[in-house]
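A single structure is presented below for examination.
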Amino acid sequence: MRRSLIVTVAAAVSMVLLAMLVPMAVLVRSYALEDRLSRAALEVQATETVVSRRDKGAVAVYLDRINATSEGISTTVLYPGADDVGPNPGEDDRVREARRTGRARIDDTPEGAQFLVPVSLGATSTVPSQTPVIRVDVRSPGLGAGVVRAWGLLAALGLVLLAGSLFVADRLGRSFVQPIRALAARAQTLGDPGPPEPLPVVGPPEVRELGTAFNRLVERIQVLLQRERESVADLSHGLRTPITTLRLRVDGLPDPDERARLSADLDELEGMVDHLVREARRSEREGLVAEADAMGVLLERIRFWEPLAEDQGRDLRVAAPEGHPVPVRASARDLVALVDVLFDNVFSYTAEGTPLGVTLSPAPAGGLELVVDDAGPGLPPGLDVTSRGASGAGSTGLGLSIVDKTATESGGRLVLGRSPLGGARITVVLGPPA
C-alpha cells in the first residue's frame with residue numbers, strides 16, 4: 001500500500017509538473033526574444049538621436065560601444081552611397097524601400113528579426129536618397145546562459161516539488177501502513193499460548209476503528225475460549241465420575257469372564273474420553289498453530305518401540321538422516337500418538353517375528369515423509385480403515401483416523417498401499433510449518 005501510494009503520487013505529480021514546466025520552458029525562450037526586441041527598440045531610439053547629429057565619427061564610436069555590449073543585437077547605420085557604419089554593411093530591397101517610403105518596419109529573418117528605421121535629417125529628410133537607415137539585427141536566443149539558467153531553475157523547482165510530494169506521500173502511507181502492520185503482527189500471535197495483549201489503537205481514524213474492532217474481536221474470542229475450557233473441564237469431570245462408578249460395580253461382578261469383558265469395554269470408553277478431552281484442550285496446550293521437529297520426535301519414539309520389537313523377534317530397520325531437524329506443522333504430542341498408532345497396528349495385526357521397516361526423509365516441498373512397511377497380511381480389501389469405527393477389529397476405529405487427521409491438518413496426506421515386504425505400506429506426509 002505504501003509503495004503503491006508513492007508510485008501513484010509520483011506519476012500524478014510528474015504529469016502535472018510536465019504539463020506546467022514544459023510550457024514554462026518554451027515561454028522562457030520566448031520571453032528572452034521579447035527582451036531582446038525591447039532592448040533593440042531602445043537602441044534604435046538612442047542610435048537615431050546620435051545619427052540625427054550628422055557626425056559619422058560619433059556614430060562609429062557609439063555603434064562600436066553598443067555592439068560590444070549588446071548580446072544578440074547588432075546595429076548598423078546605412079548611409080546613402082558606400083559610407084555604412086557598423087558590423088553589417090550593405091543594402092537590400094527592404095532597406096531601399098524603407099528609405100524610399102520613410103517608414104520604419106520590422107521583418108522576421110531566419111536568424112530572428114530585423115528593425116529598419118529611416119532617420120529624419122531635417123531639410124534633407126524629404127530627399128529619400130539622402131536619408132540614412134538604421135538596421136538592427138536581433139538574433140533569436142539559443143541555449144544561452146540566461147535560458148539554460150532559467151531551465152535549470154525550472155528543473156530544480158520540479159525536482160524539489162516531486163521530492164516534497166513523495167516525502168508527504170511516504171509519511172501519509174507510513175501513517176496507514178505501520179498500524180496495519182502492527183495489526184497483522186498481532187494477528188499472527190493469536191495462536192500462541194497465553195492471553196494476547198491489547199493492540200494499541202493509533203493511526204488515522206479508519207485504522208483506529210479497525211484496531212478497536214480487532215481488540216473487541218480478540219476479547220470475544222478469549223471469552224469463548226474460556227467458556228470452552230470450563231465446558232471441557234466439566235465434561236471431563238462429568239464423564240470420569242460415572243466411569244469410575246461403573247468400574248467399581250464391574251469389579252464386584254462374580255463372573256470373571258463378564259468382569260473382564262466389561263472392564264475391556266470401560267477401558268475402551270475411557271480411552272475415547274481421554275482422546276476427546278485431549279483434542280478439546282489442544283488449543284490451550286499448543287496454541288492455534290503447532291510446530292515441532294518431526295525428525296527428532298519420531299526417531300525418539302521409534303526407539304521407545306525397539307525393545308518390544310526385540311522381545312517379539314521382529315527385525316526393525318530404521319532409515320533416517322539423523323542430525324537434520326525437519327520442522328512440521330504438528331505438535332510433538334500428535335507425532336508421538338501417530339507413531340504409537342502405526343506401531344500398535346503392526347504389533348496387533350501381524351504375527352510375532354514379522355519384519356518391520358521405517359523410513360524417514362524430508363519431503364521435496366517441505367515437511368517430512370514417514371513410510372512404515374511390514375510383511376504381514378496387509379490391509380483389509382475394500383475397507384476404509386481411515387474412517388472411525390471401520391477398523392474391522394472390534395476397536396473404536398480411532399487408530400488410522402488419528403493418523404489421517406494429523407497428516408491432513410499439517411497440510412500433508414495419508415497414503416495406503418502394498419509394501420515391498422509383502423504386507424501393508426503406510427505413507428504419512430507431514431506438511432511444513434505455516
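When both residues are 6+ apart or on different chains and their Cβ atoms are under 6 Å apart, which pairs have a first residue that lies in the stretch 337-351 and is among the acidic types (D, E), and a second that is surrounded by 17 or more Cβ atoms within 10 Å (Cβ to Cβ)?
Every condition considered, no pair remains.
Kindly indicate which of Y31, Y62 is part of a helix (DSSP H, G or I) and closer than 24 Å to V148 by Cβ.
That would be Y31, the only listed residue that is part of a helix (DSSP H, G or I) and closer than 24 Å to V148 by Cβ.
Right, next: Taking the stretch 312-350, which residues are surrounded by fewer than 17 Cβ atoms within 10 Å (Cβ to Cβ), of a type in the set (G, A, S) and either in contact with an Asp or Glu (Cβ under 6 Å, 6 or more places away or on another chain) or at pLDDT 90 or above (or both)?
The answer is G313, A319.
Could you list, in sequence order, all residues of the stretch 324-366 that are more than 36 Å from the chain's Cα centre (by Cα) and outside any helix (DSSP H, G or I)?
Answer for the stretch 324-366, where residues must be more than 36 Å from the chain's Cα centre (by Cα) and outside any helix (DSSP H, G or I): T350, A351, E352, G353, T354, P355, L356, G357, V358, T359, L360.
Residue by residue through the stretch 244-266, note down the ones that are surrounded by 14 or more Cβ atoms within 10 Å (Cβ to Cβ) and among the hydrophobic types (A, V, I, L, M, F, W, C).
L246, V250, L253, L262, L266
Report, ordered by the first and then the second residue, all pairs with beta carbons closer than 7 Å, sequence separation of six or more or different chains, a first member in the stretch 171-190 that is under 27 Å from A10 (Cβ atoms) and assigned to a helix (DSSP H, G or I), and a second member that is of a type in the set (K, R) and open to solvent by less than 60 Å² (accessible area, probe 1.4 Å).
G173/R2; R174/R2; V177/R2
How many residues are at pLDDT 80 or above and farther than 15 Å from V273 by Cα when one looks only at the stretch 223-244?
Final tally of qualifying residues: 3.
Another question about this same structure. Check G238 against each of (1) open to solvent by 70 Å² or more (accessible area, probe 1.4 Å); (2) more than 20 Å from F176 (Cβ to Cβ); (3) of a type outside the set (S, T, Y); (4) without any contact (Cβ under 8 Å) to a residue 12 or more places away in the chain and name the one condition it does not meet.
Going through the list (1) open to solvent by 70 Å² or more (accessible area, probe 1.4 Å); (2) more than 20 Å from F176 (Cβ to Cβ); (3) of a type outside the set (S, T, Y); (4) without any contact (Cβ under 8 Å) to a residue 12 or more places away in the chain, G238 breaks only (1).
Can you report the number of residues in the stretch 183-194 which are open to solvent by less than 50 Å² (accessible area, probe 1.4 Å) and either modelled with pLDDT of 80 or more or not small (G, A, S) (or both)?
The qualifying residues number 1.
Here's a check for you: in the stretch 299-311, which residue that is touching a Leu at 6+ places or on another chain (Cβ under 9 Å) and of a type in the set (D, E, K, R) is surrounded by the most Cβ atoms within 10 Å (Cβ to Cβ)?
R301
Tally up the residues in the stretch 123-159 that are open to solvent by 50 Å² or more (accessible area, probe 1.4 Å), modelled with pLDDT under 80, farther than 17 Å from R105 by Cα and not charged (D, E, K, R), please.
10
When residues of the stretch 59-90 are filtered for being under 25 Å from P141 (Cα atoms) and of a type in the set (D, E), how many remain?
Qualifying residue count for the region: 2.
Looking for something touching a Phe, Trp or Tyr at 6+ places or on another chain (Cβ under 8 Å), modelled with pLDDT under 85 and not in a helix (DSSP H, G or I) - is there at least one such residue anywhere in the stretch 384-393?
Scanning the stretch 384-393, I find at least one residue that is touching a Phe, Trp or Tyr at 6+ places or on another chain (Cβ under 8 Å), modelled with pLDDT under 85 and not in a helix (DSSP H, G or I), so the answer is yes.
Say we look at the stretch 398-434 and pick out the residues that are of a type in the set (A, V, I, L, M) and either open to solvent by less than 10 Å² (accessible area, probe 1.4 Å) or assigned to a loop (DSSP other than H, G, I, E, B) (or both); which of these is modelled with the lowest pLDDT?
Selected residue: L398.
Can you name the residue in the stretch 1-47 that is open to solvent by less than 50 Å² (accessible area, probe 1.4 Å) and charged (D, E, K, R) and is also nearest to E71 (Cα to Cα) among such residues?
Checked the stretch 1-47; the qualifying residue nearest to E71 (Cα to Cα) is R36.
Of all residues in the stretch 309-323, which are within 44 Å of the chain's Cα centre (by Cα) and not in a loop (DSSP other than H, G, I, E, B)?
Across the stretch 309-323, the qualifying residue is only A319.
The values are calculated or read from the model by the stated rules, or taken from the named source; none is laboratory data. Treat the numbers as computed from the prediction; the structure is a model and nothing was measured. Positions of Cβ are backbone-derived with ideal geometry, glycine not excepted, and every protein chain shown enters the neighbour counts. Protein only, heavy atoms only, side chains kept; ligands, DNA and RNA dropped before computing areas. Shrake-Rupley method; radii C 1.70, N 1.55, O 1.52, S 1.80 Å.
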